2 protein chains.
Amino acid sequence: MTASRSADGAVDVAALRRPTLTQVAALAGVSLKTASRALNDEPNVAEATGRRVREAADLLGYRLNGIARELRRGATSALVGLISGDLTNPFYSAVASGIERELRQHGLQLVTANNDEDAELERALVDAFLERRVRALLVVPSGAGHEYLAIEGNRGVPFVFLDRPPDGLEADAVLIDNVGGARAAGEHLIAAGHRRIALVADLARMAPQQGRIDGFVQAMEAAGNDGWRPYLRTDVHDVHRAERTVRELLELDPAPTALFTTNNRLTTGALRALRGHPQPPALIGFDDFDLADVIGATVVAHDSVAMGREAARLAHQRISGFSGPARTVTISTSVIARGSGERPAAS
Amino acid sequence: MTASRSADGAVDVAALRRPTLTQVAALAGVSLKTASRALNDEPNVAEATGRRVREAADLLGYRLNGIARELRRGATSALVGLISGDLTNPFYSAVASGIERELRQHGLQLVTANNDEDAELERALVDAFLERRVRALLVVPSGAGHEYLAIEGNRGVPFVFLDRPPDGLEADAVLIDNVGGARAAGEHLIAAGHRRIALVADLARMAPQQGRIDGFVQAMEAAGNDGWRPYLRTDVHDVHRAERTVRELLELDPAPTALFTTNNRLTTGALRALRGHPQPPALIGFDDFDLADVIGATVVAHDSVAMGREAARLAHQRISGFSGPARTVTISTSVIARGSGERPAAS
DNA sequence: GGCGTGGCCGACATCGATGTCATACTTTCG
DNA sequence: CGAAAGTATGACATCGATGTCGGCCACGCC
């Protein structure tokens, strides 16, 4: 008669469909509401009743339906979305890790999606996440122009931008001190006596890259050095092009005596190009990386895990009701000297 | 009168609460169902009606409530869960990346959680994911004993195990050819003339580690070599202990002439210990890593992104209705010679 | 003109849980 | 002893969407 017993009277444990609370209640011989109370440890449930309900739930292998609960409780999930580049890039995975750890402390779960550095896909992903009713959305944006998020932001889904500032929109952001870090790198090379310094940068249209270029140029201008100008290479977007570009730079006459690469990918390419070189130029790379100590690579380091953590923290504050103006957290950088950046300029 | 207009008659765009389909319908002057039909491009909606509904939706900034839809449509989400170790470990992030790419092709989204290599937390995460009604659950298990998943597995939530086989449970799995890879590493070192070979391994209770130990031992026994026995070090679980262990090994007399490290963490530690060593021993590490080419590190490589992809594929087949017996996909390995593994035994 | 057909639309039930409120039965206490 | 308060429970509405079914109307055809 009840849905929880099959026709032959045996309890239908193997039912394909997952049991509902109604079935548990029927098996325990109580009402739906009482079963709900028992399983949620609400007050005013007789001890014996509670036991019967729990036994029935165990027997059926009952598992609460979080979707239904969320719908009833307010149509918003415990999920926080992250849209970033591919996780095989250690920068993104470090950020994701920091986010995940922080969220977990607040009972929130991270949902990740890869925008493939494509603005169109990114928009679609934002839409998908919003339909899923994520509690907050963290984005390492691929493109510019985030006006389309403006309405959403005002409707209670907080956005936090990572690594790249929001464009056309007020929103929380966690950024790296790109200008300062790059300036420090430039100064470091100047101090080692370098004048002909090559700058190998990624797509200049991306704000962090532009910041790093600016910072480097600032250092050069402060030192009254123009020797870098012939060696500026931007829009180098992948490891192989970086390797090739560095090789080409080294064949110039006169060749640069030092290199500054503005992200981990480019640094990797440069290291490949420099491998086995008899008299390698000095090298400083933006972004720290695994084994940089073993290789002896001088870098502009920053704490990417902390970036993720801060972003998650900002989001959590919004989720918890904070509604002040947009905030920006800046992650500091520091030059870590490991050898490659201290090679003197060939005399 | 309708909920979508505020008391003063203006359309209430700035309402804090996100608009529901009912409000859109009211604003468009049609029934709830008709609005639903219009926005879902169902047939039998007059062109003019459809337009009115879409305009109303735009005006209100309406966004479908995926939670409600999922509840109605079958109480199962488009999410697939991944439980693994920390994403800062490139192995896990590569796996996650492979999974994410594959899932996206099928309109599924990846939800990640870090088990901190803790079996208790892992169980809790599994519970949380099941309550969230994920469509499938991919696990890189931390501990042994997965019997508690048996009921779930039979209830339509497919499980796929990565890297470590399910214990006490029939389930799909994607594993690495640990034995074969380690045997090849052992043979490689033997072929270079080594006899005193140190094996530095992680926790031996973890199946992949045990497999790598076994494979190595097989190679030694096939070569009739016992020279490794004094240099076996297991249960080395972090980078620092690996570094220390390798230093200690090198101070032995006689010292081993070669090292085999059984995962990327241990290889990192070994590389640190070997740095600047006048006459470093040969080194082969299990797991390929970024910049291994620059460092010249010989490794037993395998395609971790493919691992993720295969796991996602298995899961997707189950989601799509496949219900055959449990399958195991094995990811092959290959030794990539880059120098460190080819250093000859000191005569 | 009558009737069948198809297009368009809305009322209502439903997914699986939780919140509200009513009710029956105890217990407590003046 | 009777009223008030408290306990245990259940009926029913509800979250926001979709599925079912039936009604109305226009049109075409005999």
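Nothing in this text is a laboratory measurement; each read-out follows from the coordinates by a stated rule. Source: prediction; values computed, not measured. As a convention, Cβ positions derive from the backbone with ideal geometry for all residues, glycine included, and neighbour counts pool all protein chains shown.
Helix B:119-131 and the long axis of chain B differ in direction by around 20°, with both axes built from C-alpha atoms.
Of the GluC sites (Glu not before Pro) found in segment B:243-331, those in coil by DSSP whose Cβ has at most 11 other Cβ atoms within 10 Å are B:251. Among chain A residues, the one whose Cβ is nearest the axis of the rotation from A to B, given with its distance rounded to whole Å, is A:93, 2.
Counting only DSSP beta bridges with both residues in chain B, the antiparallel share comes to about 10 percent. Restricting the chymotrypsin sites (Phe, Trp or Tyr not before Pro) of segment A:267-347 to loop positions (DSSP other than H, G, I, E, B) with no more than 13 neighbouring Cβ atoms within 10 Å leaves A:322. Convex hull volume of the Cα atoms of the protein assembly as shown, normalised per residue: 199 Å³. Note on chain A: helix-only mean residue ellipticity at 222 nm, from DSSP H runs of 4+ residues weighted -39500 (n - 2.57) and normalised by residue number, equals -12500 deg cm²/dmol.
Convex hull volume of the Cα atoms of chain B, normalised per residue: 177 Å³. For segment B:299-347 versus segment B:212-234, the inter-centroid distance based on Cα atoms is 23 Å.
Could you tell me how far the Cα centroid of segment B:185-205 sits from the Cα centroid of segment A:114-177, in Å? Using only Cα atoms to place each centre, the spacing works out to 49 Å. Scattering from segment A:178-303 was approximated by placing one identical point on each alpha carbon and applying the Debye formula without solvent; log10 I(q)/I(0) at 0.16 1/Å stands at -0.67.
Computing FRET efficiency as 1/(1 + (r/R0)^6) for residue A:42 and residue A:105, where r is the C-beta to C-beta distance and R0 is 22 Å, gives about 0.25.
Ascending distances from the residue B:323 label point to its copies in the other chains, with the point 7 Å along the Cα-to-beta-carbon line: 5.0 nm. Here the relative contact order of chain B, from alpha carbon pairs under 8 Å that lie six or more residues apart, stands at 16 percent.
Where does helix B:47-60 land angle-wise versus the long Cα axis of chain B, in degrees 0 to 90, nearest 10? Roughly 60 degrees between the two axes.
Beta bridges assigned by DSSP with both partners in the protein assembly as shown are antiparallel in approximately 15 percent of cases.
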